[in-house]
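For reference, the structure is listed below as structure tokens.
The values are calculated or read from the model by the stated rules, or taken from the named source; none is laboratory data. Since this is a predicted model, take the numbers as computed values, not measurements. Cβ coordinates were reconstructed from backbone atoms using ideal geometry, including for glycine residues, and neighbour counts include every protein chain displayed. Each accessible area value is taken on the protein alone, full model and side chains, heavy atoms only, with ligands, DNA and RNA left out. Shrake-Rupley method; radii C 1.70, N 1.55, O 1.52, S 1.80 Å.
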Amino acid sequence: MSDINYWEPENLTDAVSILADRADQVRALAGGTDLLVKMKKGLTNWKGIVNLKGLTELKGFIYEGQTISIGALTQISALIDNPLLSLHFPALVDAARSLGTPQVRNLATVGGNLCNASPAADVALVLLMYEARLLIMGPNGSRQVSIQEFYVGPGQTVLQQGEILTAIEIDLPPLNSKGVFFKHGKRKSHEIALVNVAVLLTPHPGRKQIAQARIAVGSVASTQLRIKDAEDSLTNSLATLSAFEQAAELVKEAVNPIDDVRSTASYRKQMVGVLTRRALVEAWGEEL
Ligand SMILES: Cc1cc2nc3c(=O)[nH]c(=O)nc-3n(C[C@H](O)[C@H](O)[C@H](O)COP(=O)(O)OP(=O)(O)OC[C@H]3O[C@@H](n4cnc5c(N)ncnc54)[C@H](O)[C@@H]3O)c2cc1C
């Protein structure tokens, strides 16, 4: 760590140009809860870090009509403290609450959770379910990508050298919908997910049929996934336990987990089905 160059730019333009000018050698630093751990373990050969903490314009929330924009440098703890997010995006608040410890949540940022591109990331998974749009600034100006286009592989995103994620936009879900986030780890708290699931169900008026279903799953493939076949199986169908069980089976068929130090692939496959069924039942919220 001692030979590392360090910059603290005061604005976005300077941050972009420092990152862009030094090719592959430097990395952006937000909360540092992923980046510094990797550097201390010697898993990187980066020559410098660009601390984004001075870019205060990338922190906080902006509400405009039906859309909430979350600055990329907003701390995870700020999601928990936000009453409007609790009202409209409870699954996002639950994911934030499940991330690490209070100390980690006070440092870790929403943008860092996305840009680290871990298949297990909790807040990023719920943002996938809420169909977030990601705003990016780079040497060639700004661009926007959908969260589904953002990931290329584990630890890899479409971000080019010099590009910084600036904000995350999410639209308010239908008022009668309910989002749910479930996470399964080895311990009850302070645990990276062995499997995580985020679902949203919107009923038709009359509440017997499902108008829309969204299912996102994590830690069961090289990137986090939306499971379209399972979503389609529920759309316009009656909300029954067997419909939810069938959707959970389709999720199990679609995923491709690996064995690693934390779990086996077969256990993850089994658990993603269990968690999906439970999340769908919880999101429907009535006797079936
Ligand atoms: C003890 C501990 C427990 C944890 N528990 C959990 C958990 O339960 N769930 C979970 O999901 N994660 C967990 N994490 C991982 C980590 O805290 C989160 O992924 C966090 O959100 C990362 O944010 P950060 O601001 O610290 O990112 P950093 O470490 O600063 O950055 C992570 C990566 O993203 C890049 N980056 C960051 N911000 C930007 C930006 N705006 N534009 C472009 N690139 C950017 C960096 O260059 C780096 O490559 C844990 C970490 C620790 C140390």
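Annotation: Cα Rg of the chain relative to the compact-globule expectation 2.2 N^0.38 Å equals 1.02.
Applied to segment 50-56, the Karplus parametrisation 6.51 cos²θ - 1.76 cosθ + 1.60 on θ = phi - 60° returns per-residue 3J(HN,Hα) values of 10, 6, 8, 4, x, 8, 5 Hz, with x for Gly and Pro.
Database remark: amide H of residue 29 closer than 5 angstrom to the amide H of 50, 51, 52 (H placed geometrically; neighbours at sequence offset of 5 or more, or on other chains; Pro and chain starts carry no H).
Karplus-based coupling profile of segment 134-151, in residue order and whole Hz: 10, 9, 10, 10, x, x, 9, x, 9, 8, 10, 10, 6, 4, 5, 8, 6, 8, with θ = phi - 60° in 6.51 cos²θ - 1.76 cosθ + 1.60 and x standing for Gly or Pro.
Quick one: of the DSSP bridges fully inside the chain, what percent are antiparallel, nearest 5? Counting DSSP beta bridges with both partners in the chain, the antiparallel share is about 85 percent.
The mean sequence separation of alpha-carbon pairs under 8 Å and at least six residues apart, normalised by the residue count of segment 1-56, gives a relative contact order of 55 percent. Accessible surface for the chain, divided over its residues, is 48 Å² per residue with a 1.4 Å probe. Which residues make up the longest stretch of the chain that has no trypsin sites (Lys or Arg not before Pro) in a DSSP loop with at most 15 other Cβ atoms within 10 Å? Maximal segment without exposed cleavage sites: 48-185.
For segment 152-226, the share of accessible area belonging to carbon and sulfur comes to 53 percent (1.4 Å probe, ligands and nucleic acids excluded). Computed from backbone phi, the HN-Hα couplings of segment 275-288 come to 5, 5, 4, 5, 5, 5, 4, 5, 5, 5, x, 10, 4, 9 Hz, rounded to whole numbers (Karplus: 6.51 cos²θ - 1.76 cosθ + 1.60, θ = phi - 60°; Gly and Pro given as x). Report, in whole Å, the centroid distance computed from the Cα atoms of segment 93-169 and segment 1-79. That distance is 12 Å. For residue 140 and residue 25, the difference between the fully extended length at 0.36 nm per residue and the C-alpha to C-alpha distance is 39.5 nm. Rounded to the nearest 20 debye, the dipole size of segment 178-284 about its Cα centre is 400 debye, using +1 on the Cβ of Lys and Arg and -1 on the Cβ of Asp and Glu. Exposed loop sites here mean GluC sites (Glu not before Pro) with a DSSP loop assignment and at most 10 other beta-carbon atoms within 10 Å; the chain contains its longest site-free run at 11-285. Computed over protein heavy atoms with a 1.4 Å probe, the carbon and sulfur contribution to the accessible area of segment 1-148 reaches 50%. Among 117, 150, 67, pick out the residue whose Cα is farthest towards the positive end of the charge dipole of segment 60-171, where Lys and Arg carry +1 and Asp and Glu carry -1 on C-beta, about the Cα centre. The one lying farthest along the dipole's positive direction is 117. For segment 1-76, chymotrypsin sites (Phe, Trp or Tyr not before Pro) meeting the loop criterion (DSSP other than H, G, I, E, B) and having at most 10 other Cβ atoms within 10 Å: none.
Over all other residues within a Cβ to Cβ distance under 10 Å of residue 139, the charged ones net out to -2, with Lys and Arg as +1 and Asp and Glu as -1. Here the chain is assigned +1 on the Cβ of each Lys and Arg and -1 on the Cβ of each Asp and Glu. Its dipole about the Cα centre then comes out at about 760 debye.
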